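The values are calculated or read from the model by the stated rules, or taken from the named source; none is laboratory data. As the structure is a prediction and not an experimental result, all values here were calculated from the model. Using ideal geometry, Cβ is built from the backbone for each residue, glycine included, and neighbour counts are taken over all protein chains shown.
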Amino acid sequence: MTGAEASEPTMTLPERPRAAGRQDWTAWPRYDEAGSGYRGYWYPVTWSSHITKDPKSYTVCGEKLAIIRDDGKAYALHDRCPHRGVPLSEGDQQFPGTVSCPYHGWTFRLTDGKLAAVITDGPDSKICGKLSVQTYPVQERLGMVWVYIPIGSEPATSIDDQLPLELVENEGIVGGRIQRRGGNWRFACENGFDEGHAKYLHRTSLWRLFKPMPTWNITSIVPDGRWIYRVQDEVYWEADFPGVGKWTNKRWWKKKPDEGKISQIGNTGAGLKVNPVIAAQNFPGFASLSMPGVLRIAYPTFIHYEFYVPVDEDNHQYVGLMVNFVTGVKKLGFYAKYLGAIRWLFHGQFSGQDEWMVRVTDAPPEKLYRPDVSLTAWRNLAEREYAEKIAAAVAYAPDPPVRAAREHRKPVARNPVAPASEATAPGVEAGATPATGTTE
């Protein structure tokens with residue numbers, strides 16, 4: 001377009017008015033920014049039995065990890081060779097205590113990530129010791145490999161301080177499922193602690209086939225230490241909805257609930273004998289949640305845990321554990337029951353309904369209702385705790401090293417310019433270049 005030409009008129013559409021009650025997540029700015037998860041926490045990555053001397057690739061909080069086992073211990077390194085960007089998880093182990101890139105044999109120590117050898121540059125390679133890849137703290141608990149994703153250069157916190165206390169202090173048996181799923185980790189976490197969905201979404205699950213569920217509750221959220229708890233203040237097993245009709249989860253083939261009692265262990269009614277380890281915890285409510293996204297659902301005979309491990313903005317890893325606090329031969333009975341039925345009913349079809357909802361959730365915008373006090377309480381907890389964690393990481397960060405003042409080099413005396421007759425080589429004219437004989 002020349003300066004004499006005029007631009008075509010453009011049509012501007014009026015801004016669409018915001019609907020009444022429409023909400024975004026600006027009230028929780030750090031939560032809004034945590035699409036790839038919260039750093040500064042331990043995350044379960046995979047089963048310990050899956051980690052061998054052959055490195056494998058995983059992604060946590062957007063960080064690509066190569067995890068490998070050497071001499072019985074698991075290690076995690078940043079999954080990228082600094083030479084040409086090839087994943088170290090595509091490589092193998094050529095020397096004990098190391099992992100080698102498959103492209104040119106750059107070899108890194110597992111303990112500190114230092115470049116220890118470059119196979120294709122010989123034993124005297126000058127680049128060795130000058131480069132490294134980031135390493136990550138690794139622990140093994142509950143039959144799984146856990147990796148700490150740091151905020152900055154802060155040391156890893158104690159994993160036992162992050163795990164539910166009852167798992168640290170008591171013996172039990174674990175059955176579980178680890179599965180990569182679509183949908184953001186925040187949707188999965190909010191679904192797990194959501195007050196209303198279980199009563200309606202899971203009404204068709206086989207796990208609930210013979211178990212009654214309330215129609216609706218009045219719930220309060222109670223903080224206790226690192227956790228927030230959903231406490232059932234009022235429970236209604238059926239209800240008449242004006243102008244619509246009666247609705248209930250009761251069925252003739254389901255167990256009849258004890259409507260005279262409100263149980264804070266489990267959500268299918270009171271009456272079952274509670275395992276003594278579970279009873280000793282004195283949970284204020286049967287559903288609880290803690291950072292960085294750990295759900296705990298206490299039932300009379302077991303506790304169900306869900307860990308929502310961020311992968312990236314659009315995917316997360318679901319880690320579901322069912323823990324029964326039994327010892328001796330009773331472990332065999334639980335394990336047989338879990339493999340024979342529970343794994344497929346509970347961690348399969350029942351949990352699959354959650355996976356479906358998480359995958360199709362699209363928020364914000366959103367319009368919340370009364371039971372969503374569980375969601376807003378969780379976001380408030382996350383916002384507050386992560387602000388404290390960032391402040392601690394910043395306080396730990398050491399000051400950058402102070403470099404000594406650079407000394408100015410002393411001028412070096414140069415030889416005086418020789419007369420042209422002395423500086424010119426025989427057979428070459430002054431001002432000519434000896435290599436070509438051309439003049440400037």
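Descriptive notes on the structure:
- Among the candidates GLU306, GLU355, the residue that is surrounded by 15 or more Cβ atoms within 10 Å (Cβ to Cβ), closer than 18 Å to GLY192 by Cβ, of a type outside the set (A, V, I, L, M) and in contact with a helix residue (DSSP H, G or I) (Cβ under 7 Å, 6 or more places away or on another chain) is uniquely GLU306.
- Inspection of the stretch 182-192 identifies at least one residue that is under 23 Å from the mean Cα position of the chain (by Cα) and more than 27 Å from ILE390 (Cα to Cα).
- So ALA19, is it in a loop (DSSP other than H, G, I, E, B), at pLDDT below 95 and of a type in the set (Gly, Ala, Ser): yes
- Residues of the stretch 119-170 that are out of contact with any strand residue (DSSP E or B) (no Cβ under 6 Å at 6 or more places or on another chain), among the small types (Gly, Ala, Ser) and without any contact (Cβ under 8 Å) to a residue 60 or more places away in the chain: GLY122, GLY129, SER158.
- Options GLU306, GLU313; residue that is touching a residue at least 60 places away in the same chain (Cβ under 8 Å), within 29 Å of GLY40 (Cα to Cα) and assigned to a loop (DSSP other than H, G, I, E, B): GLU313
Okay, residues lined up against (1) among the aromatic types (Phe, Trp, Tyr); (2) over 23 Å from the mean Cα position of the chain (by Cα); (3) part of a strand (DSSP E or B); (4) not assigned by TED's automatic domain parsing to the domain that holds MET322:
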position: PHE108; (1), (2), (3), (4): yes, yes, yes, yes
position: ALA117; (1), (2), (3), (4): no, yes, yes, yes
position: THR120; (1), (2), (3), (4): no, yes, no, yes
position: ILE127; (1), (2), (3), (4): no, yes, no, yes
position: ILE151; (1), (2), (3), (4): no, no, no, yes
position: GLU154; (1), (2), (3), (4): no, no, no, yes
position: THR157; (1), (2), (3), (4): no, no, no, yes
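- GLY225 of a type in the set (Gly, Ala, Ser), within 28 Å of ILE173 (Cα to Cα) and exposed (fewer than 13 other Cβ atoms within 10 Å of the Cβ): yes
- Test result for LEU272, in contact with a Cys (Cβ under 8 Å, 6 or more places away or on another chain) and either touching a residue at least 24 places away in the same chain (Cβ under 8 Å) or assigned to a loop (DSSP other than H, G, I, E, B) (or both): no
- When TRP42 is tested against the conditions (1) within 23 Å of GLY182 (Cα to Cα); (2) without any contact (Cβ under 8 Å) to a residue 40 or more places away in the chain, the lone failure is (2).
- Verdict on LYS331 being surrounded by fewer than 20 Cβ atoms within 10 Å (Cβ to Cβ) and either modelled with pLDDT of 95 or more or in a helix (DSSP H, G or I) (or both): yes
- Among the candidates PRO292, PRO300, PRO284, PRO214, residue that is assigned by TED's automatic domain parsing to the domain that holds GLY192, assigned to a loop (DSSP other than H, G, I, E, B), closer than 20 Å to TYR369 by Cβ and not acidic (Asp, Glu): PRO214
- When LEU339 is tested against (1) under 23 Å from the mean Cα position of the chain (by Cα); (2) in a helix (DSSP H, G or I), just one condition goes unmet, and that condition is (1).
- Residue match in the stretch 91-108 (condition: in contact with a strand residue (DSSP E or B) (Cβ under 7 Å, 6 or more places away or on another chain) and under 23 Å from GLY182 (Cβ atoms)): no
- Tally, over the stretch 319-375, of residues that are among the acidic types (Asp, Glu) and without any contact (Cβ under 8 Å) to a residue 40 or more places away in the chain: 1
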